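The values are calculated or read from the model by the stated rules, or taken from the named source; none is laboratory data. Computed from a predicted structure; not experimentally measured. Reconstructed Cβ throughout: ideal geometry from the backbone, glycine too, with neighbour counts over all protein chains shown. Please note that ligands, DNA and RNA were not included when accessible areas were found on the heavy atoms of the full protein model with its side chains. Shrake-Rupley method; radii C 1.70, N 1.55, O 1.52, S 1.80 Å.
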There are 2 protein chains.
Amino acid sequence: MSVRDLHSRKVICDSSEPQTLSEQVFNELKDAIISGELDQGSKITEDGLAKQYGISRGPLREAIRRLEAIRLLVRIPRAGMRVVTLTSEIMEEIYTVREALEGMSARLAATKMSDKDIESLSSLLDKHQNSIDKSQGTKYFQREGNLDFHYRIAKASNNQWLIDLLSSELYQLLRMCRQRSGQTPARPSKAIQEHRLIVEAIRERDAELAELLMRRHISGAWKIVKNLLNEEQNAKNLEEQA
Amino acid sequence: MSVRDLHSRKVICDSSEPQTLSEQVFNELKDAIISGELDQGSKITEDGLAKQYGISRGPLREAIRRLEAIRLLVRIPRAGMRVVTLTSEIMEEIYTVREALEGMSARLAATKMSDKDIESLSSLLDKHQNSIDKSQGTKYFQREGNLDFHYRIAKASNNQWLIDLLSSELYQLLRMCRQRSGQTPARPSKAIQEHRLIVEAIRERDAELAELLMRRHISGAWKIVKNLLNEEQNAKNLEEQA
DNA sequence: ATTTGTTAAATTGTCAACAAACGAGTTTTA
DNA sequence: TAAAACTCGTTTGTTGACAATTTAACAAAT
């Protein structure tokens, strides 16, 4: 992993040094869930986690409440807790919300983004294009590059709510989606082409168009993911029949 | 009933009996903050609250983490906690996010809402219109009616994420905005007229139009609120000069 | 054999005490 | 007199123990 990747990862996941045990275990648990280390839908107990992470239940419970708030855990009072299960329906919901919020981000970015940042974003795309052309781009890099692009747009909206919702809540689950089925942007060069169109619209300060293009970009991405999931499901069904 | 249903039930019907102390104090604190009982920006201490509500700090801290997650409290580790301060800038951010999410809700509702629910929604507007014509409508009623309309649209989207975001996170802060300056829909009859147009678009199954109208409705509402805030600010400034 | 009732183990909810970090006020020193 | 350092009190972070509730396991009865 390059230094640059590390940097962007840090920025996106805002995992600055945790100052408190609760925060620390929150981050560790979050990563464990997203990476699949903890299986989706698996039941977890407070005592088990407390022993595993070597802390008492107090801070752990606070971390759990936060994970609950960003929907990585599902809890039923006095009954138990499970890791969220990402069904196709939930993923569609997430992509729909993303479409609305990132569309709005692109609209705002078209008005507010500085000329300097637009150029920087444009050259970022050049780099991505390069790494794909030369086949240097690993799947991982493509994925991170994609997130980086979307994160910059969100940040340019200058709306802290949008930024937080997208980067701390939705992105975590999105990463989980991708982890789940090893998805990578289906047609990276096409994705970058779409990114370019969006940047062009922003450069022209055409808010309306920027929003439209971003929404199409995301709903298109969902269609591809949906097809992948269906194929996967079909494969599984066949397997069961055999 | 599925796990998901249980979760949404908890979020939506927060009038249901809280089963745990943490939940109970979460609700009480939430109401105290929204109603203005706790001043915006006021500093609060764990020990003080624990004594005030007669519970120990354990459950209280969990409630605090949840309030932090929905942005009613702002915390700085090892330094203290304050009630959020709703500046004009933050309110604009909230309205912007609302515009994106409720616009998407209206779009989805146009496709998914049942004929029966559309009729029900339409007759709800009749009732509101009636109560305004006869001047029976208190400000409170108008406000609740307004919320009811928006909530029904959100629910009709059938997207649990949209529903939760709008009704549990944004909605709380919106109530706080209104509480703050005793705002009431500036022109109730005009608001209802706009609501009618939205319902008509949904009835025609015109998703595009439904979204457009909802977004205009909300951005229009923000402009009115913004003007009210400015006038208020000017009045204060004059007062200080005198 | 299925269902119902009871009991025990496991798990969550709650509490009070302890430890660490921060801020304010006071003292000491240049 | 002013600045630096040091206490002391306050507030947050953490822990382990205790109480309440649920799950399950097992026995008994129809």
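Limited to region B:40-59, what total is found for residues that are more than 15 Å from DNA strand C (Cβ to nearest atom) and either within 12 Å of chain A (Cβ to nearest Cβ) or touching a residue at least 60 places away in the same chain (Cβ under 8 Å) (or both)?
Counting residues in region B:40-59 that are more than 15 Å from DNA strand C (Cβ to nearest atom) and either within 12 Å of chain A (Cβ to nearest Cβ) or touching a residue at least 60 places away in the same chain (Cβ under 8 Å) (or both) gives 1.
Suppose the filter is outside the structural domain of residue B:164 (by TED's automatic domain parsing) and open to solvent by less than 40 Å² (accessible area, probe 1.4 Å); does residue B:76 pass it? Step through it out loud before you land on a result.
Working: outside the structural domain of residue B:164 (by TED's automatic domain parsing): yes; open to solvent by less than 40 Å² (accessible area, probe 1.4 Å): no.
Against the criterion (outside the structural domain of residue B:164 (by TED's automatic domain parsing) and open to solvent by less than 40 Å² (accessible area, probe 1.4 Å)), residue B:76 does not qualify.
Considering only helices (runs of 4 or more DSSP H) fully contained in region B:3-92, which possess at least 3 residues that are at pLDDT 90 or above and either more than 14 Å from DNA strand D (Cβ to nearest atom) or under 24 Å from the mean Cα position of the chain (by Cα) (or both)?
B:21-35, B:57-69
For a quick check of your reading of the model, give me the residue pairs whose first member lies in region A:154-175 and is at the interface with another protein chain (Cβ under 10 Å from one of its Cβ atoms), whose second is acidic (Asp, Glu), with beta-carbon atoms closer than 6 Å and at least 6 apart or on different chains.
A:159/B:93; A:161/B:93
Could you list, in sequence order, the residues of region B:71-98 that are among the small types (Gly, Ala, Ser) and more than 12 Å from every other protein chain (Cβ to nearest Cβ)?
B:80, B:88 - these are the residues of region B:71-98 that are among the small types (Gly, Ala, Ser) and more than 12 Å from every other protein chain (Cβ to nearest Cβ).
When you scan region A:60-70, do you find a residue that is open to solvent by 30 Å² or more (accessible area, probe 1.4 Å) and either out of contact with any Lys or Arg (no Cβ under 9 Å at 6 or more places or on another chain) or more than 10 Å from chain B (Cβ to nearest Cβ) (or both), even just one?
No: zero hits.
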